[in-house]
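Input: a single structure, listed below in structure tokens.
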Amino acid sequence: MSTESRSERAPIAPASLDAAIGDIDWTVPPSGSTSSRFSAPSGDLAVVSLGDPAHPRVVLVPGATGSKEDFTLMLPLLSQAGYFVQSFDLAGQYESHAAGADASYTYELFIGDLIAFLDAGAPAHLLGYSFAGTVAQSVAVRRPDLVRSLALLTTPPGTGNVFATMKWLGPLAPIASPRRGAGLLIWGIVTNKNRVPPGRLDFVRSRFALTSRRSVDEIVGLMMTAPDLRSDVRALSVPKLVVAGSHDLWPITAHERFARDIGADFRAYATGHSPSETTPHQLTADLLGLYARADG
């Protein structure tokens, strides 16, 4: 049997593709993608889109201190699978840093922005990353007509002060103010406690030149008062998926329990808090399975 025939019959496993990812320039957008601005209730949000707008829609929402670039490796994979994929920077974050500058960064602000973005297009397969997972749950509960499936990527698996169950910040949670908690979060990122490659580290450090520090402080405050949405999310009729890294900020057992509580499937990969960056092929494969179930 020829090498070509074997290759056609045995495609490379997603885990092997992920293991082969090297350091990349995260400032370079995916080939064929377009950049735009969306006029949200809080202000203009920076958006990246890839694929045919006539195809089923996927919306990927990054979390605090993050940006749309966190999904750079996933956009082409989902587009090639036949989806129209979009992501945007949250108000106050990176290239959306001016949005919300004249207001408080509340749950209502982020929920309102996401509802407006979803409402401006077709109903979407929605993914919320970390803090944005809490926002995505609220949006799915309020406007289930806008959400075809719900994926929660390393979303805090608790309620109230979610930092209390975090592996390294937990002991400080009872005494940490939002600003001190945000400072510790930023310190962990810029000193590379996530152990990311040099190119990735340069990019995540550079984002702080634009990101509003007040927005990070206030988001950390929101994460200290996370709502309990478990019963409402469980009642949703759409398929749900919880994803976490085995070395995430929160214990993997907490993520698994959270998935059971909301009636979601659960997947874990041998990585940390950022599977969209480190295991994009495995994550995409599981998302495509979720979308197939949602689309019947």
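The values are calculated or read from the model by the stated rules, or taken from the named source; none is laboratory data. Nothing here was measured: the structure is a model prediction, and the numbers come from that model. Counting neighbours? That spans all protein chains shown, and the Cβs are built from the backbone with ideal geometry, glycine included.
Computed quantities for the displayed model
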quantity: Options L73, L60, L90, L114; residue that is over 20 Å from R143 (Cβ atoms), in contact with a helix residue (DSSP H, G or I) (Cβ under 8 Å, 6 or more places away or on another chain) and aliphatic (A, V, I, L, M); calculated: L73
quantity: Failed condition for A98, given (1) at pLDDT 95 or above; (2) of a type in the set (G, A, S); (3) surrounded by fewer than 22 Cβ atoms within 10 Å (Cβ to Cβ); (4) over 27 Å from R200 (Cβ atoms); calculated: (4)
quantity: Near pairs, Cβ below 6 angstrom, 6+ apart or cross-chain, from region 109-138 (closer than 15 Å to A264 by Cα) to any residue that is small (G, A, S) and surrounded by fewer than 24 Cβ atoms within 10 Å (Cβ to Cβ); calculated: H125/S149; T134/A226
quantity: Residue match in region 189-200 (condition: farther than 25 Å from L109 by Cβ and buried (at least 18 other Cβ atoms within 10 Å of the Cβ)); calculated: yes
quantity: Selection count where residues are part of a helix (DSSP H, G or I), more than 28 Å from I186 (Cβ to Cβ) and touching a residue at least 24 places away in the same chain (Cβ under 8 Å), scope region 31-82; calculated: 4
quantity: Among the candidates D261, D232, D228, D286, residue that is modelled with pLDDT of 95 or more, in a helix (DSSP H, G or I) and more than 22 Å from V59 (Cβ to Cβ); calculated: D261
quantity: Count of residues meeting criterion [in a helix (DSSP H, G or I), of a type in the set (S, T, N, Q) and touching a strand residue (DSSP E or B) at 6+ places or on another chain (Cβ under 6 Å)] in region 264-283; calculated: 1
quantity: Positions within region 86-126 being of a type in the set (D, E), more than 15 Å from the chain's Cα centre (by Cα) and under 10 Å from A46 (Cβ atoms), in sequence order; calculated: E95
quantity: Enumeration of residues in region 20-35 that are farther than 17 Å from H281 by Cα, in contact with a strand residue (DSSP E or B) (Cβ under 7 Å, 6 or more places away or on another chain) and not hydroxyl-bearing (S, T, Y); calculated: P29, G32
quantity: Scan of region 219-262 for residues that are over 27 Å from G183 (Cα atoms), surrounded by 15 or more Cβ atoms within 10 Å (Cβ to Cβ) and not charged (D, E, K, R), ordered by number; calculated: L229, V233, L236, V238, P239, L241, V242, F258, A259, I262
quantity: Selection within region 116-127 - more than 15 Å from S149 (Cα to Cα) and buried (at least 18 other Cβ atoms within 10 Å of the Cβ); calculated: F117
quantity: Set R148, R214, R180, R143: member being surrounded by 15 or more Cβ atoms within 10 Å (Cβ to Cβ), more than 20 Å from the chain's Cα centre (by Cα) and of a type outside the set (D, E); calculated: R214
